[in-house]
């Protein structure tokens, strides 16, 4: 019976016997009316039945209200001596249910047993998709079996499609489909195929397309058989095997997601969570093993390569296994953000310097902040979520894999030094103090006469000196702080290594720039104190001399007290680019009363060709040459005079700007920082002999 175009409905023909048909049918668009079905035998209407019986499994599956089954005893049983093609369709439009049509063969023609199956061919999903040339395929017939022409065009876990015909018969071939020995579908190969008709293969109505519901699991191997139902003859291309997936395809991900989300009890949740946790641990371990070899393995490879080469040979040694670069792990509290603060600029500079020196550099943030894009773009291995849940996990998983571990800031050093010693015993441990926190706190306590802060400074000093004593090498950016440490920790190996600052001189002429700028993060106590002094005393004194004088206030975390309108003060807050600010002003100011370390705001000003007037605290440890050192004063009137001179004298301004650019180019170039850092971390020994006992104090 021809099937008309019909609205969607669903069902299944589950039982076919000579005198009985059973299954279910449902129209999801009509929740109240049972479906009336028409039974057609050999093209002739035979019986009608309404699918209005109750089945609990249908109710549990959400198919209507469960009253959607049918079980029909045929009033006129079918002849067992004849071949019967049975169709079960919706009476209203002829739409067939799943399993229809089906064929009941005469009793004498029982299907061959499964033991007669040929050895299956192995194929992967979607591997069968052939051009029309495949339609000429003919399976060699067994004795007494009619020849079948056909081809299995597509085989997947969701769908089987192709064509088949018997050249000796005009009627469509009925196919029985089995998966792993279980019957899953019947189909009549009667779909129109214009390509078959064009090739002269009958009337072209020999195609089939079967959707497998539910789809086959991608986790196991499946044997699929497509046989002619009348005699069990395989169609060309059958049997076949679909192998299990070994990659995370979209289909496999969907299958896994369905398993995870279908957990319906605490016990199932615990079972699946335990299983997935074990698999995640296995994958994490495999990833760690692939990322690196332990230090002792790399050292053995290096030694083997040396033994295969003797002085005087023409070629350098080549290891059978490629030698890996020495690995360096850099740990900071958070991911550096370019131009956010001096600490970000410093650690970024040192990370890239280690990479230029020849290390394979990894970076980890203790606060698990997102991997910085500028480091990833530079090829730095950023170790965070989802690969590692903590720095502790990273050190444990990659135990013994690093020649060098660089800890930035005393809070990070205090937290991880002992773990580094335990998990990376061969690594050289470098501690970068950034700046001496205890020194900054001591100075603030003296300025504010705060006894509690003095006690805090003493505690910080103890922690910092303890961290210094446990490190193999110590880095500070300031020559002043290096001298302090050498007095207080004489056994420490202290090195002065600032950071690279690229020169970016402004192109805006002096005459088109006016005013000054103060730059800083206002959650940092020295900057907040300096800004208050600047606005309360220095700016009013400047405007008393020049009523048009203007000061730009720049930086993040600015409190409301500094945002209040004040004559001559323009509050910009955080800006996307510091260059835009430096293009507007003739100089910057850094009137710090306390603090420690090198001041990034001063270096950024010099790099832009903009002079900076500052206090001795702001200039400390930089070893400034003339005329930069001449722009330092520690009292309000002195700062005001220096600011006005540089603001009004273009020649002095230009000379000072040139001196600042020359300082940056000679003292803070990448080449000089690379040389200083190489000496500080002992790079020569680590790079010359990968895998040596890097922790040794050589």
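The values are calculated or read from the model by the stated rules, or taken from the named source; none is laboratory data. Computed from a predicted model, the values in this text were never measured in an experiment. So basically every Cβ, Gly included, is an ideal-geometry build from the backbone, and we count neighbours across all protein chains shown.
Worth a mention:
- Sole residue being modelled with pLDDT under 95, under 26 Å from residue 684 (Cβ atoms), buried (at least 19 other Cβ atoms within 10 Å of the Cβ) and not assigned by TED's automatic domain parsing to the domain that holds residue 594, chosen from 471, 434: 434
- Hey, residue 256 more than 18 Å from residue 160 (Cα to Cα) and either modelled with pLDDT under 85 or assigned by TED's automatic domain parsing to the domain that holds residue 164 (or both) or not: yes
- Of all residues making up the stretch 24-44, the number that are free of Cβ contacts under 8 Å to residues at least 40 places away in the same chain, surrounded by fewer than 16 Cβ atoms within 10 Å (Cβ to Cβ) and within 15 Å of residue 97 (Cβ to Cβ): 1
- Meets criteria (buried (at least 24 other Cβ atoms within 10 Å of the Cβ) and assigned to a strand (DSSP E or B)) for residue 539: no
- Test: residue 504 is within 36 Å of the chain's Cα centre (by Cα) and more than 21 Å from residue 677 (Cα to Cα): yes
- For the stretch 45-101, filtering for residues that are buried (at least 20 other Cβ atoms within 10 Å of the Cβ), part of a strand (DSSP E or B) and either without any contact (Cβ under 8 Å) to a residue 40 or more places away in the chain or in the same structural domain as residue 208 (by TED's automatic domain parsing) (or both) leaves 1.
- For residue 148, the conditions (1) surrounded by 16 or more Cβ atoms within 10 Å (Cβ to Cβ); (2) modelled with pLDDT under 90; (3) within 46 Å of the chain's Cα centre (by Cα) all hold with the exception of (3).
- Given (1) out of contact with any strand residue (DSSP E or B) (no Cβ under 8 Å at 6 or more places or on another chain); (2) surrounded by 19 or more Cβ atoms within 10 Å (Cβ to Cβ), number of the condition residue 409 does not satisfy: (1)
Residue-by-condition table, conditions (1) modelled with pLDDT of 95 or more; (2) buried (at least 18 other Cβ atoms within 10 Å of the Cβ); (3) closer than 14 Å to residue 605 by Cβ:
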| position | (1), (2), (3) |
| --- | --- |
| 499 | yes, yes, no |
| 505 | yes, no, yes |
| 510 | yes, no, no |
| 513 | yes, no, yes |
| 517 | yes, yes, yes |
| 522 | no, yes, no |
| 525 | no, no, no |
| 532 | yes, no, no |
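- Number of the condition not met by residue 256 [criteria: (1) farther than 30 Å from residue 283 by Cβ; (2) outside any loop (DSSP other than H, G, I, E, B)]: (1)
- For residue 563, the conditions (1) within 39 Å of the chain's Cα centre (by Cα); (2) free of Cβ contacts under 8 Å to residues at least 12 places away in the same chain are fulfilled apart from (1).
The rows are residues; the columns are (1) under 44 Å from the mean Cα position of the chain (by Cα); (2) surrounded by fewer than 19 Cβ atoms within 10 Å (Cβ to Cβ); (3) in the same structural domain as residue 434 (by TED's automatic domain parsing); (4) part of a helix (DSSP H, G or I).
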site: 544; (1), (2), (3), (4): no, yes, no, yes
site: 549; (1), (2), (3), (4): no, no, no, no
site: 552; (1), (2), (3), (4): yes, no, no, no
site: 592; (1), (2), (3), (4): yes, no, no, no
site: 602; (1), (2), (3), (4): yes, no, no, yes
site: 624; (1), (2), (3), (4): no, no, no, no
site: 639; (1), (2), (3), (4): no, no, no, yes
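- Screening 405, 391 for residues that are modelled with pLDDT of 90 or more, over 15 Å from residue 334 (Cβ atoms), in contact with a helix residue (DSSP H, G or I) (Cβ under 8 Å, 6 or more places away or on another chain) and in the same structural domain as residue 678 (by TED's automatic domain parsing) leaves exactly one candidate, 405.
- Of all the residues in the stretch 222-258, those that are in contact with a strand residue (DSSP E or B) (Cβ under 7 Å, 6 or more places away or on another chain) and under 14 Å from residue 157 (Cβ atoms) number 7.
- Scan of the stretch 412-444 for residues that are over 30 Å from the mean Cα position of the chain (by Cα) and part of a helix (DSSP H, G or I), ordered by number: 437, 438, 439, 440, 441, 442, 443, 444
Residue-by-condition table, conditions (1) under 22 Å from residue 342 (Cβ atoms); (2) out of contact with any helix residue (DSSP H, G or I) (no Cβ under 7 Å at 6 or more places or on another chain):
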position	(1), (2)
420	no, no
423	no, no
433	yes, no
436	yes, no
447	yes, yes
458	no, yes
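- The set of residues in the stretch 7-39 that are closer than 18 Å to residue 106 by Cα, in a strand (DSSP E or B) and at pLDDT below 90 comprises 15, 16, 20.
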